[in-house]
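Taking it in order: structure first as structure tokens, then the write-up.
The values are calculated or read from the model by the stated rules, or taken from the named source; none is laboratory data. Worth saying up front: this structure is predicted, and the values here are computed from it rather than measured. No Cβ is skipped: glycine too gets one built from the backbone with ideal geometry, and neighbour counts run over all protein chains shown. Each accessible area value is taken on the protein alone, full model and side chains, heavy atoms only, with ligands, DNA and RNA left out. Shrake-Rupley method; radii C 1.70, N 1.55, O 1.52, S 1.80 Å.
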Amino acid sequence: AQSVTQPDIHITVSEGASLELRCNYSYGATPYLFWYVQSPGQGLQLLLKYFSGDTLVQGIKGFEAEFKRSQSSFNLRKPSVHWSDAAEYFCAVATSGAGSYQLTFGKGTKLSVIP
Amino acid sequence: DGGITQSPKYLFRKEGQNVTLSCEQNLNHDAMYWYRQDPGQGLRLIYYSQIVNDFQKGDIAEGYSVSREKKESFPLTVTSAQKNPTAFYLCASTLDRDQPQHFGDGTRLSIL
């Protein structure tokens, strides 16, 4: 069965510092991979997705992620964090099926930003 | 603007009571999903529907029921058989398997 591991439950960084959030997945076939962000009490917003092609994916809000098949990883990065980036981040892998797919989520990483 | 509307934002359930959470989308998406979110647990799939009048159980369907009578609507009923219903419930939809899922703003269900 597919699974997603986000090893860091909570990360704190200073504003302006770089950020890397880790994600490892387990899935037999070529994965569809996603990063979502959630502010408190809100739904999830898509940051970026990887379906195929270039393994370095650019997303919204200055985020990027790199798919590394050999490491089964899809880490999220940002060169300079802003205070508004404080939120919870979820990595997800899609299991393909006829017509649509289901997402399996990691447990999330909460990001705090120190001014 | 197109999107997914979940209502109500907050809902309270008494013991032994069924409650229904609404999810409406005007994105013309075929597939719709219900997830449950508990603190520190990520999101877990309850039910999903690929087309009208068809739906499948997800990982934690026990104590829940759904219907899909219209393409735009996918209501979730939390029955009295669900013994631990307190959670944040999220509805999502997608056009097809090559598109990401879009999420509503959620409904928080609590027990009185």
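Distance from the alpha carbon centroid of region B:7-76 to that of region A:67-83 works out to 31 angstrom. Entry note, chain B: relative contact order of 35 percent, from Cα contacts under 8 Å with a spacing of 6+ residues. Shown here: chain B, whose C-alpha atoms stretch 39, 25, 23 Å along the first, second and third principal axes, sorted largest to smallest. Counting Cα-Cα pairs of the protein assembly as shown in 10 Å increments starting at 0 gives whole-percent bin shares of 8, 33, 35, 20, 4, 0.
Kirkwood Rh, region A:1-56, all Cα pairs: how many Å?
Working: mean 1/r = 0.0729 Å⁻¹.
Computed over region A:1-56, the radius equals 13.7 Å.
With each label modelled as a point 7 angstrom along the Cα→C-beta vector, the A:Arg22-B:Ser22 pair spans 4.5 nm. Over the Cα atoms of region A:1-96, each weighted equally, I'd like the Debye log10 I(q)/I(0) at q = 0.11, 0.15, 0.17, 0.18 Å⁻¹, rounded to two decimals. At q = 0.11, 0.15, 0.17, 0.18 Å⁻¹ the computed log10 ratios are -0.30, -0.56, -0.72, -0.81.
If you roll a 1.4 Å probe over the heavy atoms of the protein chains, what accessible area per residue do you get for the protein assembly as shown, in Å²? Please list the in-between numbers first.
Working: 10750 Å² over 227 residues.
With all protein chains present, the protein assembly as shown gives 47 Å² per residue.
The fraction of accessible area contributed by carbon and sulfur in chain B is 45 percent, rounded to a whole number (1.4 Å probe; ligands and nucleic acids excluded).
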